Amino acid sequence: MTNSEKNRLKDKAFQVFGIFCTFIGLVVLAIFLVDIVIEGVRRIDWDFLTSLPSRRAARAGILTAWTGTLWILVLSALIAFPLGIAAGVYLEEYAKKTKLADFLEINIANLAGVPSIIYGLLGLELFVRFMYLGPVLLVGALTLSLLILPIVIVTTREAIKAVPRTIRDGSFALGASKWQTVWHQVLPASFGGILTGVILALSRAVGEAAPLIVIGALAYVPFVPKSPMDEFTVLPIQIFNWTSRPQAAFLTNAAAAIIILLLITFLLNGIAVYLRNRQQKKIKW
Amino acid sequence: MTKRQHKLEAINLDAYYGDFHALKNINIAMEEKAVTAFIGPSGCGKSTFLRTLNRMNDYIDGFRVQGQILLDNRDIYASNVRVDELRKEVGMVFQKPNPFPKTIFENVVYGLKIQGIKDKKLLRETCEKSLRQTALWDEVKDKLDKSALALSGGQQQRLCIARALAISPSVILMDEPTSALDPISTAKIEDLIHELKQYYTIIIVTHNMQQAGRVSDHTAFFYMGELVEYSKTKTMFTSPKNERTQNYITGRFG
Amino acid sequence: MTKRQHKLEAINLDAYYGDFHALKNINIAMEEKAVTAFIGPSGCGKSTFLRTLNRMNDYIDGFRVQGQILLDNRDIYASNVRVDELRKEVGMVFQKPNPFPKTIFENVVYGLKIQGIKDKKLLRETCEKSLRQTALWDEVKDKLDKSALALSGGQQQRLCIARALAISPSVILMDEPTSALDPISTAKIEDLIHELKQYYTIIIVTHNMQQAGRVSDHTAFFYMGELVEYSKTKTMFTSPKNERTQNYITGRFG
Amino acid sequence: MRVQERIIEGLLWLSAAITVLITISIIWVLLSESVQFFSEVSIVRFLTEKEWTPLFAEKKFGILPLVAGTFLTTAIAIAVALPIGLTIAIYLNEYAHARFKTIIKPLLEVLATIPTVVYGFFALTVVTPFLQSFIPGLAGFNALSAGIVMGVMIIPMISSLSEDAISAVPRSLREAAYGMGSTRLQTAFGVMVPAASSGILVSVILAISRAVGETMIVAIAAGQQPRLTLNPLVPIETITTYIVQVSMGDVPHGSLEYRTIFAAGMTLFVFTFLLNNLSFWIKKKYQEKYD
Amino acid sequence: SCGGNNQEGGNDISGSISIDGSSTVYPVTEAVAEEYRAEAPDVKVTVGVSGTGGGMKKFSRGEIDIVNASRSINESEAATAKENGISYVQLSVAYDGLTVVVHPSNDWAKDITVAELKKMWEPEAQGTITRWNQIRPEWPDKEIHLYGAGVESGTYDYFTEAIVGKSHSSRGDYTASEDDNVLVQGVSTDPLALGFFGYAYYEENKSKLKAIPVDNGAGPVLPSLETVKDGSYAPLSRALFLYVSSKAVARPEVVDFINYYLENAGELAQEVGYIALPDNVYNEQKQKFEQFATGAATANQQ
Ligand SMILES: Nc1ncnc2c1ncn2[C@@H]1O[C@H](COP(=O)(O)OP(=O)(O)OP(=O)(O)O)[C@@H](O)[C@H]1O
Ligand SMILES: Nc1ncnc2c1ncn2[C@@H]1O[C@H](COP(=O)(O)OP(=O)(O)OP(=O)(O)O)[C@@H](O)[C@H]1O
Ligand SMILES: [Mg+2]
Ligand SMILES: [Mg+2]
Ligand SMILES: O=P([O-])([O-])[O-]
């Protein structure tokens, strides 16, 4: 009897500890967001969004940074989206379960685990040095595309995997070819999931600073980039730059820029979650 | 073409999933415009055999067959056979209704569309004809452009049959077509099978022996990859020759 | 305690998964040291009911019961009942053999260990006794410290029964205990049930009507959450009172 | 028709093959520069010297201080994230209501979506001053607050992956445990955690690999001073920070200094590569235990 | 064409100018570039911070137009420039006093001699001089945390030259950054810190830092406008420069920018915390540049 009571007590104790642990992360998150909002929100106004960088914290804005982020977002999507989906489709629908497919799978898992800064080194050597492109938007986008490609591939595969076998069987049984089945059934049915994955990947790209620093994108860029061959800066780099300044006014700027960056990240994630939920509601297999 | 000839025939058929020997030396000949039922305990190879009949297992890695399957006396595994053509000849219906997540109309005409047929009128006519054949027309004619997923399970299954009929096959394979359905839908599908066997050769896998008794002309009993017994359904259920058949039919296992 | 008294009794029992009404006003009394079988088509609530008998559904979100379940005339849903004590009284065996990924020995004595029993000798004795009861002792006595996952499916299932017996319950619930097994293992388990009913009250869910006929004293037929018919097994199979029972038993559906 | 199918398949194949090309490029880039580096600096020096001052007149090429810095921040991060993450995983699986779980899990995952510069900012401007209020000797740049914040960042990684691993344990096992009268705690630690141990291990390894490669948090908050120490209170430098530091100044292509970042990158790559493959191997080996 | 005709205004000038190099000069150039935006909005001026050394390397390879420098070009850099067919002009833009700083709570380091600085920064100090009391016995027995300019910087070259006696020679176990902000950040949050960087960075963060007077034999002297200007803050006073490449002056926007720079450098240098040169010196610089520009133009035409 005592044993059984002791067991129940331990059980309760762990429950309390579990609640504590679950909330500690969220509490930290909350403190953190509140802190940043208090610090930065008053700094955000139209001028802040439309001003170029300045040596005076009060006059400095994030126009270059957010336009750069937007450019990077679009360019990376254009590069990683088709490539990632095509690779995902190949691996899920076409590749035979051979050694080669195993190798591809391990390889992609590995790429997904390569630290982002290594992609920076790759971009530096390949695009900046070898191809002589310089630290321009296109190079940043290429570097980040390579970085998020594995994520896009993996999520594409999961989305495709979620399409039930029976749908493919149904299509094949009516005489459809492999590509017809993929095109008419698999892709439409998994599109929501794929899009979700791509957006999540992009939200990762939007937050990256390290690889861009390595390719040399840390500079005073007081103009809005007009083409992929322009030099650029992005929000995380602007934040990094301001964070490393000791003056309080720049830290306020950094906090304000962080709010914008978080809004973009959360927005992207929100869209992804929304799409995922809608997808789950819409199609019940 | 006279009735009661052999539409489909397996000769010394072996099938493997990788190293696993799933079908062992199957010899069987199925009659035209009749219903043949496959029965047997779970995992005995019924579905595997059924799916070799329209080469549905082609895309499974490591799957291979030895021996022959003759459709109208032509080996369907011969190298000059185009799988898509074969599948137009041999339609298939699955255990779980699997309508595409598209409209009812799109479901029925899918097979035609991927053949490149674009003629609106023809598509509409075929759609109506197939839905009438499956006694679904009256139930869905007002919502052809609604999602097929909104139909009930029984309706979905009949839609899948209609979809198969739309490309005018001569053989229809059915893998436990009623096992996910309620009694009333089951009865409807069974009636439908009765209707359809005038025009089509039907092969049905079922785990419900009473169903096999009700709908089929011939029954094949599989056990562990072997075809244990194949005979007229009546004979099989009244006087099985093999002890394992007997045990299975009387519910000693399964 | 005389035999043939009511061991377990459900009174006006309703059960819900969220809004879904899974069991509707069930009234049934199960006899001690006898085998009661629950039959019915898939989804009719057999498992749900079985699992209310040892409150296994407690952890399912949104699941709730109304009405009473009496074990030896005490309501098991009363607030002073401790679930872990209840489960020691009412053991359970599942559809798929589910040994823990531990040694055979550890599996059998798991229930004792979590009660805090550490006495090596006692553990060993109970282990042997339980394994003997399930006729498994001779097959595994030399590999008690080997992983239970290495056993065959049938052995695993008997191990799970042994594991349940080791904590000396008075009731054993079995949810389709043979549906994943081969004919020979099935026969062994059925024999075992015959043996065990001398000492235990056994309640078994099965989708195999012949099995119900072979092993049970009483049979309950569920349909769509209702208890349609409950009577002596022989009576049920020879002269069912209800038309739905009749239809089910003769395989009109399911 | 046939030809078209072939062409499409070819294109798809090409896309998949690009991933191999990326790997090859990474290895080639790192190797070609590192090989030149090691032709000037012996591997023995690289691995055994205790100081890292490749940019100074008195050049020392011992990677150990950077490895120590990386190890220190990673260890602190894991010490924070593992107990919390694992407890969360168990709590969500065995105790929490399903509804609660569906709300909490994505909320926790928010932690992982926050850009790491933001964490760096947080470590430098909030956590360090907070810690300094009761650890007097704490320098403004230090491994401690960077490690703690990194730990917070990877909590969801461990909790989510472990939670997945635990919920992948067949329900039947949990039911068996409950059926024997186990409490939730006994079920969790006696049955679920052991059964999911390979998945949990994988989550921890991946978290380590993530922490090892993490850059911005340490670059902002941990300092830039290569120092062979396990003292978490002083400025240190990680491998990643070194690469960032050098990239920020211009190091001319082709110089020995330029190559040091590739040698450092190679070291980092080898670490994470080994960790990733280890996790992959464990997953492959043990995943099929349950179907 | 030559730059001469565009001198008078040139609001419609467009193009891009890339500048890189010294972090010490950066604040001045940044300020000029920012103000210049109002003058010529279509000229894209990017300013990087690679340190004088880093900037010089890019400059001598012809990758950038202008380099910020906190020291004069050295021989090897000049040689590379010559190899690449680049000639250049050196323009002085301001004075700086390299400032030695500690944490404001540091109540022991009231002054420091050049010898003591040498003792703690010379290469031999690495790993051995690690505590305050090793430098001056009455200072506390506590760890010393050093922060200083990165090796690519002119500040580093200048400091090592002036203190250790040999350019580019120092210990390596300190927090080295090309970004002086990081150094300010580090010293201002580390009670055991000692660091050095350009005067502007001290000036801007006075409240968080404490400058220590440097004793060069003539008693401790703090850096300030006067002591830098009159040379009494020795040996850490120095001039800051721009180098403009001969290839770049062919472009009107570069010429326009440099003229604007020299016009406003005095005021802006003061604003960001440096010491302006006398007006006549700025005029000399202008003439020097004009000569160079015309010279380069003829050279280019040939
Ligand atoms: N894709 C596959 N890869 C490997 N083995 C398979 C595959 N599909 C089926 N099998 C195996 O082949 C055997 C026959 O399977 P099949 O699906 O034909 O059985 P079945 O008689 O249809 O059973 P059920 O009644 O459960 O549908 C089984 O042992 C099964 O495990
Ligand atoms: N966790 C759950 N949440 C919601 N509904 C459930 C849950 N478990 C079962 N149900 C529903 O309750 C009904 C009864 O399920 P139950 O598992 O008791 O059926 P069963 O008779 O045991 O069927 P089977 O023969 O397939 O095991 C079904 O409609 C099922 O969908
Ligand atoms: Mg089957
Ligand atoms: Mg059930
Ligand atoms: O001014 P520097 O950045 O070269 O020291």
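The values are calculated or read from the model by the stated rules, or taken from the named source; none is laboratory data. Everything numeric here is computed off the predicted structure, so don't read it as measured data. Note that we place each Cβ from the backbone using ideal geometry, even for glycine, and neighbour counts take in every protein chain shown. We work out accessible area using only protein heavy atoms, side chains counted, and drop any ligands, DNA or RNA first. Shrake-Rupley method; radii C 1.70, N 1.55, O 1.52, S 1.80 Å.
Here are the numbers for this structure:
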{"read-out": "Hull shadow area, averaged, segment B:51-198 [alpha-carbon convex hull, nm²]", "value": "9.9 nm²"}
{"read-out": "Copies compared at residue B:146 - label distances in nm, ascending, label defined 7 Å from Cα in the Cβ direction", "value": "5.9"}
{"read-out": "Distance histogram for the protein assembly as shown (every C-alpha pair counted, 20 angstrom bins, percent rounded to whole numbers)", "value": "9, 29, 29, 19, 11, 2, 0"}
{"read-out": "Sites excluded, trypsin sites (Lys or Arg not before Pro) in DSSP loops with at most 16 other C-beta within 10 Å, longest stretch of chain E", "value": "E:167-302"}
{"read-out": "Dipole magnitude of segment A:3-43 about its Cα centre (Cβ charges: Lys, Arg +1; Asp, Glu -1), debye to nearest 20", "value": "100 debye"}
{"read-out": "Computed E for residue D:131/residue C:117 - FRET, C-beta separation, R0 56 angstrom, nearest 0.05", "value": "0.70"}
{"read-out": "Alpha-carbon Rg/Rh ratio, for segment C:198-246, with Rh computed the Kirkwood way", "value": "0.96"}
{"read-out": "Size of charge dipole - the protein assembly as shown - debye, nearest 20, with Cβ of Lys, Arg +1 and Asp, Glu -1, no other charges", "value": "6760 debye"}
{"read-out": "Neighbour cut-off at most 13 other Cβ (10 Å), DSSP loop, trypsin sites (Lys or Arg not before Pro), segment B:204-254", "value": "B:241"}
{"read-out": "Using a 7 Å Cα-to-Cβ projection, residue C:113 label spacings across copies, nm, ascending", "value": "5.9"}
{"read-out": "Column: log10 I(q)/I(0), Debye, Cα scatterers of segment E:1-131, q = 0.10, 0.12, 0.14 Å⁻¹", "value": "-0.51, -0.68, -0.83"}
{"read-out": "Dipole of the protein assembly as shown, positive end: most advanced residue of C:135, B:13, E:249 [Cβ charges, Cα centre]", "value": "C:135"}
{"read-out": "Estimated vicinal HN-Hα couplings, Hz - segment E:106-111 in sequence order (Karplus 6.51, -1.76, 1.60; Gly, Pro = x)", "value": "6, 9, 9, 7, 8, 7"}
{"read-out": "Where only alpha carbons of segment A:3-43 are counted, the Rg and the Dmax (Å)", "value": "17.8, 60"}
{"read-out": "Ascending list, in nanometres, of distances separating the residue B:25 label from those of the other copies (7 Å, Cα toward Cβ)", "value": "6.1"}
{"read-out": "Peptide B:103-115 - average C-beta neighbours from other chains (10 Å radius)", "value": "3"}
{"read-out": "Nearest-0.05 FRET efficiency for residue D:14 and residue C:58, computed from C-beta distance (R0 45 Å)", "value": "0.25"}
{"read-out": "Placed amide H near residue D:135: partners under 5 Å, 5+ positions off or other chain", "value": "none"}
{"read-out": "Computed accessible area, residue C:119, all protein chains, 1.4 angstrom probe, square angstrom", "value": "80 Å²"}
{"read-out": "Nearest-0.05 FRET efficiency for residue B:24 and residue C:145, computed from C-beta distance (R0 41 Å)", "value": "0.60"}
{"read-out": "Karplus 3J(HN,Hα) series, Hz, for segment A:106-114 with 6.51 cos²θ - 1.76 cosθ + 1.60 (x for Gly, Pro)", "value": "4, 4, 5, 4, 5, 4, 4, x, 6"}
{"read-out": "Packing-based ranking, highest mean first, of A:180-186, D:114-120, B:43-49 given that Cβ atoms within 10 Å are counted", "value": "D:114-120, B:43-49, A:180-186"}
{"read-out": "Degrees between helix D:256-287 axis and first principal axis of chain D (Cα, 0 to 90, nearest 10)", "value": "20 degrees"}
{"read-out": "Estimated distance in nm for a label pair at residue C:179 and residue B:243, the labels positioned 7 Å out from Cα along Cα-to-Cβ", "value": "2.9 nm"}
{"read-out": "Estimated 222 nm signal from helices in chain A, with DSSP H stretches of n ≥ 4 weighted -39500 (n - 2.57), rounded to 500", "value": "-24000 deg cm²/dmol"}
{"read-out": "Vicinal HN-Hα couplings computed from phi for segment A:243-256 (Karplus, 6.51 cos²θ - 1.76 cosθ + 1.60; Hz; Gly/Pro x)", "value": "5, 7, 8, x, 5, 4, 4, 6, 5, 4, 4, 4, 4, 5"}
{"read-out": "Whole-number D in µm² s⁻¹ for chain D, Kirkwood Cα-pair radius fed into Stokes-Einstein, 25 °C, 0.890 mPa s", "value": "114 µm²/s"}
{"read-out": "Proximal lysines to residue C:120, defined as alpha-carbon separation beneath 21 angstrom and excluding residues fewer than eight positions away on the same chain", "value": "C:88, C:102, C:129, C:141, C:143, C:146"}
{"read-out": "Within chain A: Cβ-based charge dipole about Cα centre, in debye rounded to nearest 20 (Lys, Arg +1; Asp, Glu -1)", "value": "700 debye"}
{"read-out": "Reachable lysines from residue E:119, criterion Cα separation under 30 angstrom, eight or more residues apart if same chain", "value": "D:50, D:59, D:60, E:110, E:142, E:166, E:206, E:208, E:210, E:229"}
{"read-out": "Span-like helix ranges in chain E, DSSP H, alpha carbon extent 20 angstrom or more, Kyte mean at least -1.0", "value": "E:252-272"}
{"read-out": "Counting all C-alpha pairs of chain E, share separated by more than 37 Å (%)", "value": "19 percent"}
{"read-out": "Per-residue [θ]222 nm for chain E (sum of -39500 (n - 2.57) over DSSP H runs n ≥ 4, rounded to 500)", "value": "-11000 deg cm²/dmol"}
{"read-out": "Relative compactness, segment A:46-282, computed as alpha-carbon Rg over 2.2 N^0.38 Å", "value": "1.16"}
{"read-out": "Cα convex hull of segment A:118-250, projected area averaged across orientations, nm²", "value": "11.0 nm²"}
{"read-out": "Among B:177, B:240, B:97: highest mean-square fluctuation, GNM of chain B, C-alpha pairs under 10 Å", "value": "B:240"}
{"read-out": "In Å², nearest 10: area of residue B:17 left accessible to a 1.4 Å probe", "value": "70 Å²"}
{"read-out": "Estimated 222 nm signal from helices in chain C, with DSSP H stretches of n ≥ 4 weighted -39500 (n - 2.57), rounded to 500", "value": "-10000 deg cm²/dmol"}
{"read-out": "Length released on extending from residue B:232 to residue B:66, taking residue separation times 0.36 nm less the Cα-Cα span", "value": "57.1 nm"}
{"read-out": "Share of pairwise Cα separations in chain B, more than 29 Å, in percent", "value": "30 percent"}
{"read-out": "Residue-normalised accessible area of chain E, expressed per residue, 1.4 Å probe, Å²", "value": "36 Å²"}
{"read-out": "Normalised per residue, the volume of the convex hull around the Cα set of segment D:151-290 (Å³)", "value": "130 Å³"}
